[in-house]
Amino acid sequence: MLSSLAQVLLSGLQIGCIYALMALGYFVILRATGILNFAQGEWMMISGVLGVVLIAFGVPYYLALLAAIAGAVLLALAAERAIIRPLQARGAPQPIVLLSLFGTMLVARYGTGVLFGRQDLPLDGPAGSGITIIGEANFIANQTLVVYAITAAAFFGVAIFMTRTWLGRSLRVASIDPLAASLIGVDLTRVRVVSFGLGALIAATCGWLYFPLYAVGYLNGSIPGIKGFIALFVGGMATTMGPLAGGLALGLVEVAASFYLPSIYAEGAAFVLLMIILVAKPSGLTGGKES
Amino acid sequence: MKRRNFLRATASLAVLALPALAHGQAVKSVKIGVHLDQAKQASYYSLIQKDAIDLFVAELNAKGGVLGVPLEVLYEDDENNPVTTVTKVDKLASEDVSFILSIGSSATGLAAQTRANDLKIPLGSPANLAEQLTSSPPKKYYFRIPLRGKYEVQAVGQYIGKALKASKIAVVRDATQSGLVISDQWIKDLTAAGFKIVTVEQITPGSTEAMGQALRVKASGAEVVVVSGASIPDLANYIKTHRAIGNKAPLIGSSLFTAGGFLKLVGTAGEGFVYPDAIDPSRVEVKAIEDRLVTNLGERMRNQAVAVQAWEFMRLVIDAITRAGTTDREKIRDAMEATANFPIALGPPGTALSYGPDDHDLFTSADQVVLRSVVDGAYGPGLNFR
């Protein structure tokens, strides 16, 4: 029992960190612009796909990693420049903006399938593919340690950025009252670009944490994208701790359910439990008045 | 005759003569329609088949085509959507195709089959697996050559019983919709064959590992683990975890695992993995087709059973059109049904295809199914276990 509990924690935190990072990407954009960016999972996927392509062309691993993340971020910024900015400049209502992001998501997904192919392919993690067996039935992958470390660093970095820098505070103010924010000198366009860029950076980095544990493929950004979205609402949007709490809770519940319940019911059970949490606390686990 | 009556009579004659003109006049090409998934979930195997068909047609036309004219293939994207498929079949019908190939998913194949049957257009599939495509009532205009799910399971059952002498099976599947449908059928058929299913474990799509499931499978005392579903990354993760915890129970999968990418994802954990296939790569006929595909289209075409199947199905259709001697759909259908002892590169060596009024399938018994295993990181030859 104790042995399996340890594995539930190791595995649950591993996938929970992935969900938390995806939720953090949504959070940064939502807090700054009020926009729920459906395409986050696709920037994650594109980062992985670019990585596989660059490595196949012989680009050194870490250069490929950086170039792939940069490529995905540039694509996200291009989408913001070409689609979101003109729509907001014309005063398009929020549902139209959301619809355009949904379209962006589909174009990115299926366009990648056409250009890259539909085969699922492996991507090595920064720490290789080694696994350390602990005891009789526990194990931890080297990649898992990377997942933990990057997640901690990302949340720490974003929390500092949002609370201790003028630009970060601008992001928060802009979403609460855009008019007042612009009156006190906040450049709303800059805020939007920074938030979309930062959100894409988080998602693209997350790709290099998730795909080495799964597979790179044009459809494979959708599930982490959806789970990150759920994690955001489970954790709440009051502070950066919301996405972290939501992601870890979702990951732990999902893995615990697959250990202790017949796995046929595991996924459903995890969602039932999360619905109970949301009913009991609609603003999420960490949600306060602000959320 | 009054001018108006004359015009009416002329118009009536013209309408009556249209079908005769359509099939009686000298045709510039023989047209075949293909509906496929260009970009969605079924596109991976759709596009492999398309590449094989394109090469086949290029070679055929270089040798003079069929009925003395070039063969023309009209492709329509069905978007992996049965409703869209119906409109695409209508479009192909209006373009006067003589035969339609379904190279998308079984779901779109079923939609195309119903519509083509109504329109009396012969059609068929090199790779659609769904049992109901040819189960009763017989579909007059539909023909196919792929493995069929029930014989696939029966062949795996033969292997488990005869070669492994096992009776307790664990089933591991992914929770995608297709994964559940496919594995439910496996569970039903294996149970009906007398095996005891000791546990059914399900992998949540997108999971990064499957330790909980692997531990329960080990604890269940299963002598064999059947990995059945639709999502290769999820199932590959199970296989890796199964090996990582030292479970020695043999792993057996479905023909899904012939899809490229599996070996790369599963790595060394895939060694010894057994799966059913429609082709035996040790057959000289298979090797000859594969060599042509690889030479012209690259290494990505190696070990692609669906490419060989598409090639062979095209050969079968062209043989029927040649025997019919016309582009008339009804006569081509009759020629397809009259196919007898047609040597084909599917199944074990010596397999020949014969259709009949109540039989439009190549695979009609589990003994025709080839079982292969992963050897040294590659798909190995057919296993001799019968």
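Scanning the stretch A:254-268 for residues that are of a type in the set (Gly, Ala, Ser) and surrounded by 19 or more Cβ atoms within 10 Å (Cβ to Cβ) gives A:Ala256, A:Ala257, A:Ser258, A:Ser263, A:Ala266. Right, B:Ala219: within 11 Å of another protein chain (Cβ to nearest Cβ), surrounded by 24 or more Cβ atoms within 10 Å (Cβ to Cβ) and of a type in the set (A, V, I, L, M) or not? Criteria not met by B:Ala219. Residues of the stretch A:37-50 that are crowded, with 24+ Cβ neighbours inside 10 Å and not acidic (Asp, Glu): A:Asn37, A:Ala39, A:Gln40, A:Gly41, A:Trp43, A:Met44, A:Met45, A:Ile46, A:Ser47, A:Gly48, A:Val49, A:Leu50. A residue that is within 12 Å of B:Asp37 (Cα to Cα) and at pLDDT 95 or above occurs somewhere in the stretch B:103-117.
Residues that are surrounded by 15 or more Cβ atoms within 10 Å (Cβ to Cβ) and in a helix (DSSP H, G or I) within the stretch A:183-193 comprise A:Leu188, A:Val191, A:Arg192, A:Val193, listed in sequence order. You will find that of A:Ala159, A:Ala245, A:Ala174, A:Ala180, the residue that is part of a helix (DSSP H, G or I) and open to solvent by less than 20 Å² (accessible area, probe 1.4 Å) is A:Ala174 and no other. Return a yes/no flag: does the stretch A:51-68 have any residue that is free of Cβ contacts under 8 Å to residues at least 60 places away in the same chain, open to solvent by less than 30 Å² (accessible area, probe 1.4 Å) and farther than 17 Å from A:Pro224 by Cα. Within the stretch A:51-68, one or more residues are free of Cβ contacts under 8 Å to residues at least 60 places away in the same chain, open to solvent by less than 30 Å² (accessible area, probe 1.4 Å) and farther than 17 Å from A:Pro224 by Cα.
Okay, residues lined up against (1) crowded, with 21+ Cβ neighbours inside 10 Å; (2) among the hydrophobic types (A, V, I, L, M, F, W, C):
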position: B:Thr241; (1), (2): yes, no
position: B:Ile279; (1), (2): yes, yes
position: B:Glu285; (1), (2): no, no
position: B:Thr295; (1), (2): no, no
position: B:Arg315; (1), (2): no, no
position: B:Ile318; (1), (2): no, yes
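Being at positive phi, surrounded by fewer than 17 Cβ atoms within 10 Å (Cβ to Cβ) and without any contact (Cβ under 8 Å) to a residue 40 or more places away in the chain is the requirement here; does B:Gly377 meet it? Answer is no for this residue.
Somewhere in the stretch B:317-331, is a residue closer than 30 Å to B:Ala236 by Cβ and at pLDDT 95 or above? No, every residue in the stretch B:317-331 fails to be closer than 30 Å to B:Ala236 by Cβ and at pLDDT 95 or above. Just one of the listed residues (A:Gly225, A:Gly168, A:Gly235) is open to solvent by less than 10 Å² (accessible area, probe 1.4 Å), within 14 Å of chain B (Cβ to nearest Cβ) and of a type in the set (Gly, Ala, Ser), and it is A:Gly225. Residues in the stretch A:28-56 that are under 9 Å from the mean Cα position of the chain (by Cα) and away from chain B (no Cβ under 14 Å): A:Gln40 only.
Residue by residue, here is whether (1) over 28 Å from the mean Cα position of the chain (by Cα); (2) facing chain A (nearest Cβ under 9 Å); (3) modelled with pLDDT under 95; (4) open to solvent by 20 Å² or more (accessible area, probe 1.4 Å) holds:
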residue: B:Val198; (1), (2), (3), (4): yes, no, no, yes
residue: B:Gly212; (1), (2), (3), (4): yes, yes, yes, no
residue: B:Val224; (1), (2), (3), (4): no, no, no, no
residue: B:Val227; (1), (2), (3), (4): no, no, no, no
residue: B:Asn237; (1), (2), (3), (4): no, yes, yes, no
residue: B:Ala249; (1), (2), (3), (4): yes, no, no, no
residue: B:Leu256; (1), (2), (3), (4): no, no, yes, yes
residue: B:Phe273; (1), (2), (3), (4): no, no, no, no
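Screening the candidates A:Arg109, A:Arg118 for the property of being at pLDDT below 85, surrounded by 18 or more Cβ atoms within 10 Å (Cβ to Cβ) and within 14 Å of chain B (Cβ to nearest Cβ) yields one hit, A:Arg118.
Count of the stretch B:46-75 residues, restricted to those that are part of a strand (DSSP E or B), open to solvent by less than 50 Å² (accessible area, probe 1.4 Å) and within 30 Å of B:Leu256 (Cβ to Cβ), is 2.
Here B:Pro343 clears all of (1) touching a Phe, Trp or Tyr at 6+ places or on another chain (Cβ under 9 Å); (2) of a type outside the set (Asp, Glu); (3) modelled with pLDDT of 95 or more except the condition numbered (1). Among the residues of the stretch B:124-133, is any of a type outside the set (D, E, K, R), farther than 21 Å from B:Ala236 by Cα and assigned by TED's automatic domain parsing to the domain that holds B:Pro233? No, the stretch B:124-133 has no match at all. Annotation: A:Cys17 fulfils all but one of (1) open to solvent by 20 Å² or more (accessible area, probe 1.4 Å); (2) within 24 Å of A:Gly287 (Cα to Cα); (3) within 14 Å of chain B (Cβ to nearest Cβ); the unmet one is (1). Any idea which residue in the stretch B:89-111 is nearest to B:Leu316 (Cα to Cα), counting only those that are open to solvent by 40 Å² or more (accessible area, probe 1.4 Å) and assigned to a helix (DSSP H, G or I)? Only one residue fits best here, namely B:Leu110. Just one of the numbered conditions (1) in contact (Cβ under 8 Å) with a residue 24 or more places away in the chain; (2) buried (at least 16 other Cβ atoms within 10 Å of the Cβ) is not true of B:Ala324: (1).
Only one entry in A:Phe196, A:Phe271 is open to solvent by less than 10 Å² (accessible area, probe 1.4 Å), out of contact with any Cys (no Cβ under 9 Å at 6 or more places or on another chain), assigned to a helix (DSSP H, G or I) and of a type outside the set (Ser, Thr, Tyr), namely A:Phe196.
When A:Leu209, A:Leu219, A:Leu183 are screened for being over 29 Å from A:Ala6 (Cβ atoms), of a type outside the set (Ser, Thr, Tyr) and within 14 Å of chain B (Cβ to nearest Cβ), only A:Leu219 passes.
Which one of these is under 22 Å from the mean Cα position of the chain (by Cα) and either surrounded by fewer than 22 Cβ atoms within 10 Å (Cβ to Cβ) or aliphatic (A, V, I, L, M) (or both): B:Ile182, B:Ile203? It is B:Ile182.
The values are calculated or read from the model by the stated rules, or taken from the named source; none is laboratory data. Given the structure is predicted, the values throughout are model-derived calculations rather than measurements. Every residue, glycine as well, gets a Cβ built from its backbone with ideal geometry; the counts of neighbours run over all protein chains shown. Each accessible area value is taken on the protein alone, full model and side chains, heavy atoms only, with ligands, DNA and RNA left out. Shrake-Rupley method; radii C 1.70, N 1.55, O 1.52, S 1.80 Å.
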